[in-house]
Each structure stands twice: as C-alpha cells, then as structure tokens.
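The values are calculated or read from the model by the stated rules, or taken from the named source; none is laboratory data. Predicted, not measured: the structure shown is a model, and the values here were computed from it. Here the Cβ is made from the backbone with ideal geometry for all residues, glycine too, and neighbour counts use every protein chain on show. Heads up: the accessible areas ignore ligands, DNA and RNA and are worked out on the full protein's heavy atoms, side chains in. Shrake-Rupley method; radii C 1.70, N 1.55, O 1.52, S 1.80 Å.
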Amino acid sequence: MNQLIDPIIAGTHDFVIGSRTRGRREPGSMNFQQVFAGRIAGWLLSILYGVRYTDMCPFRAIRRDALAKLSMREETYGWNLEMQMKAARAGLRILEVPVNHRRRTGGVSKVSGTLRGTFVAGARIVATLVRIAAEKKKH
C-alpha cells in the first residue's frame, strides 16, 4: 500500500500530499524555518481557500487530468505552493497524510542548508503566493 497513490487509484481523491510535520521526524531532519513556513502557508491557504495544509512537502501525488487543469507555471522554489493553491482553488478532492522524514544522509540542501538558500527560496515562495492569490480574484 502506498499512502500517497492508493487514494488516487481508489478514486477517492485527486491530490494527495504528504505532511512531514504530521509524520515522525528524525531530529534534525527539518529546521525551524521549514516547519514555520509550512504552518504559515497552511494558515494562509486555510483563509484563502478553506483547506488545511500543514506542510509544503514535495511528497505528493496528483491525478494526471487534475494536474493538467492546474496550468502550472512555476519552475523554481514555489512550484509546490502553486500546486497546493491551485488544487484548492480548483476544488480538487485533497488529502494530506502523515509521512515520516529522516535526516539527509549526504550533502547540504540548496534551500534549507544555507541562509542565502533559505532567503532566495522564501522570496520565491512569497512571490508565488502573492501571484496565485491575485489570480484568484480574476476567476
């Protein structure tokens, strides 16, 4: 059983996202800014779209036809947030499931591993949030 794809195969959900903050996390696997950003983004999306997200986790599965309807544009750090916002706005059947998360075994994250990476990714994520929220008003 795969907790991400089984609900899609069963036809009960269109978009399934893993939440590292709801799963078991190995100490040091996520830093404060990752957890904080996920909570803030989740709170804002609950206000904008009435959905509950606790993470901007890259562990996700989406029906192919549902993805095509989202007209994704973002190709950098904001892609995951764009998908979550557009999925909520499109009224997709969304499920968030806990996923376990371990520490990186090698290398340094280009996003959370440096102050510069955190700033660049954070700025892009905020820009994506503003762009997609503004698009909401057009529809």
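What accessible area, in Å² to the nearest ten, does a 1.4 Å probe give for R25?
100 Å²
What nm value, rounded to one decimal, do you get for the distance between T76 and R52 when each label is placed 7 Å out toward the C-beta?
For the pair T76/R52, the computed spacing is 3.4 nm.
Applying the Karplus parametrisation 6.51 cos²θ - 1.76 cosθ + 1.60 with θ = phi - 60° to the phi angles of region 50-57, what ³J(HN,Hα) value in whole Hz is obtained for each residue in order, glycine and proline being reported as x?
x, 9, 10, 10, 10, 7, 9, 5
Starting from the Cα-Cα distance between K69 and L44, subtract it from 0.36 nm times their residue separation and give me the gain in nm to one decimal.
6.7 nm
Report Rg (one decimal) and Dmax (nearest whole number) for the chain, counting Cα atoms only, units Å.
14.9, 44
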